[in-house]
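Heads up: the structure comes next, in structure tokens.
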Amino acid sequence: MNRFRYALDPLCLVACVAYAVGRGWLRHRFPDGFWHDHFTDLLLIPAALPLLLWLQRRLGLRLHDARPSWREIGLHLAVWAIAAELVAPLVFHSATGDWRDVLAYGAGAVLAGSWWSLT
């Protein structure tokens, strides 16, 4: 079994750079549509999950350094979708829930899970 490299995982690195480009450049160039509204949502799992798993490992909540399992990916996807799209709009006036965001989170999760399963 190869050790998962968390933030140094190639997919995580690419997703973090793409997220920065999406937030800092693409979002301002496209006033609406996929590039403005959902591109960064697609990158949630590939960019954030390795960092969260690293934190869990440091806190002793994750007992191994294996690549993320489909179960871990699904659990984090569900928690994030509920927190961001159901709870946040109830707590923050500026937040809005959008089911299309959940589709983007899910698509990113499937792509990331497939990558981590194949590498």
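Derivation of every value follows stated rules applied to the coordinates shown; laboratory data play no part. On a predicted model such as this, the values are computed, not experimentally measured, just so you know. With ideal geometry, Cβ positions are generated from the backbone for all residues, glycine too; neighbour counts draw on all protein chains shown.
A Förster radius of 30 Å combined with the Cβ-Cβ distance from LEU86 to ALA107 puts the calculated FRET efficiency at roughly 0.95. Note on TRP25, TRP116, TRP35, TRP99: ascending count of other Cβ atoms within 10 Å places them as TRP99, TRP25, TRP35, TRP116, the fewest first.
Among LEU61, LEU75, LEU11, the residue with the largest mean-square fluctuation in a Gaussian network model of the chain, with springs joining Cα atoms closer than 10 Å, is LEU61.
When the chain is described by a simple charge dipole with +1 on each Lys and Arg Cβ and -1 on each Asp and Glu Cβ, the residue from VAL14, LEU59, ALA112 located farthest towards its positive end is LEU59.
Can you tell me how region 33-72 classifies by the Cα gyration tensor, rounded, prolate or oblate, using a/c under 1.5 as the rounded cut? Prolate is the answer for region 33-72, as a/c is 1.5 or above and a/b outweighs b/c.
Put simply, region 6-118 fits an ellipsoid with semi-axes of 24, 17, 12 Å; these come from the alpha carbon gyration tensor as the roots of five times its eigenvalues, largest first. Return one number: the angle in degrees, 0 to 90 and rounded to the nearest 10, between the long axis of the Cα atoms of helix 10-21 and the longest principal axis of the Cα atoms of the chain. The angle comes out at about 20 degrees. Beyond 19 Å, the tail of the calculated P(r) for region 55-109 holds 41 percent of the Cα pairs. Between ASN2 and ALA78, the C-beta separation translates, for a Förster distance of 30 Å, into a calculated FRET efficiency of about 0.65. As a length-normalised measure over Cα pairs under 8 Å and 6 or more apart, the relative contact order of region 1-97 settles at 29 percent. Dipole size of region 11-119 about its Cα centre, with +1 on Lys/Arg Cβ and -1 on Asp/Glu Cβ: approximately 380 debye, rounded to the nearest 20. Karplus-based coupling profile of region 104-114, in residue order and whole Hz: 5, 4, x, 4, x, 5, 5, 4, 5, x, 5, with θ = phi - 60° in 6.51 cos²θ - 1.76 cosθ + 1.60 and x standing for Gly or Pro.
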